[in-house]
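Enquirer: Can you keep this structure in mind? I'll have questions shortly.
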Amino acid sequence: MRNIDDKIALLKSSGSCVFCDLSNGNFKGSDLKGVDLRYAILTGADLSNIDLTGTILHHANLSGANLNGVDLSNKDLTGTILTYANLSGANLDGVDLSNKDLTGTILHRANLAGANLDGVDLSNKDLTGVNLTGVDLSNKDLTGTILHHANLSGVNLDGVDLSNKDLTGVNLTGVDLSNKNLTGANLTGIDLTN
């Protein structure tokens, strides 16, 4: 049976590792551009700051993987498992995350601009510094969600309860706040002149 280093070497030479078990693999310094990782098991793998341009991740299991700083913009993540993954600083611009289970997923400073978050539970998530520009958050339950310094410019907040929410440093440019309950909300550092 091959060990993880042998599997990574095979992946690099063949450009494909469909259904491979690459759990806890350390991919630092690896070139994974254009690699086919459909259905691969990458639980706990370190993919931080790896170039995944053209990489196919359909149905890959990235549970607990470190994807810090990875560019996943406009990537098709159909069936991909992201529970407990570290997506800090990751670029998820335009990604369809609808109905994804993001339990335990770390999203600090992630770019989710234009992402589809329909059916995603954001309650009790730490979204500190997250870019949510243009995202539809209408009717989302943000109970316990931390939004410090998040970019919510152009976000649809219809039906969202903002009462008692700490919105310190949040960018609300272009957000319609009419008919929003801001009772008890901390608006420190927010420009409400628009």
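Enquirer: Any residue that is polar (S, T, N, Q) and open to solvent by 60 Å² or more (accessible area, probe 1.4 Å) - is there at least one of those in segment 145-159?
Expert: no
Enquirer: Determine the pairs where a residue that is under 14 Å from V95 (Cα atoms), located within segment 44-66, has a partner that is hydroxyl-bearing (S, T, Y) and open to solvent by less than 10 Å² (accessible area, probe 1.4 Å) with Cβ atoms under 8 Å apart, the partner being 6 or more residues away or on another chain.
Expert: L57/T80; H58/T80
Enquirer: Could you please find all residues in segment 41-64 being β-branched (V, I, T) and surrounded by fewer than 17 Cβ atoms within 10 Å (Cβ to Cβ)?
Expert: T53
Enquirer: Applying the selection to segment 71-105, what residues are aliphatic (A, V, I, L, M), within 21 Å of G134 (Cα to Cα) and either open to solvent by 10 Å² or more (accessible area, probe 1.4 Å) or within 10 Å of the chain's Cα centre (by Cα) (or both)?
Expert: Within segment 71-105, L72, L87, A90, L92, V95, L97, L102 qualify.
Enquirer: In segment 152-190, how many residues are within 20 Å of S98 (Cα to Cα) and not in a loop (DSSP other than H, G, I, E, B)?
Expert: Of the residues in that region, 1 qualify.
Enquirer: Another one. Restrict the check to segment 88-96 and report whether at least one residue is at negative phi, small (G, A, S) and modelled with pLDDT of 95 or more.
Expert: yes
Enquirer: Would a scan of segment 3-26 turn up a residue that is assigned to a strand (DSSP E or B), out of contact with any Leu (no Cβ under 7 Å at 6 or more places or on another chain) and open to solvent by less than 30 Å² (accessible area, probe 1.4 Å)?
Expert: Among the residues of segment 3-26, not one is assigned to a strand (DSSP E or B), out of contact with any Leu (no Cβ under 7 Å at 6 or more places or on another chain) and open to solvent by less than 30 Å² (accessible area, probe 1.4 Å), which makes the answer no.
Enquirer: A follow-up question, please. Kindly establish whether D76 is closer than 21 Å to G104 by Cβ, acidic (D, E) and either at pLDDT 95 or above or in contact with a strand residue (DSSP E or B) (Cβ under 8 Å, 6 or more places away or on another chain) (or both).
Expert: When the stated conditions are applied, D76 does not pass them.
Enquirer: Continuing with this model, one more query. Residues L67, L117: which one is buried (at least 20 other Cβ atoms within 10 Å of the Cβ), under 30 Å from G29 (Cβ atoms) and of a type in the set (A, V, I, L, M)?
Expert: L67
Enquirer: Which of the numbered conditions does R38 fail, given that it passes all the others? Conditions: (1) touching a His at 6+ places or on another chain (Cβ under 7 Å); (2) open to solvent by less than 30 Å² (accessible area, probe 1.4 Å); (3) among the charged types (D, E, K, R).
Expert: Exception for R38: condition (2).
The values are calculated or read from the model by the stated rules, or taken from the named source; none is laboratory data. Computed from a prediction, not measured in an experiment: that's the story for all the values here. So basically every Cβ, Gly included, is an ideal-geometry build from the backbone, and we count neighbours across all protein chains shown. Ligands, DNA and RNA are excluded from the accessible area calculation, which covers all protein heavy atoms including side chains. Shrake-Rupley method; radii C 1.70, N 1.55, O 1.52, S 1.80 Å.
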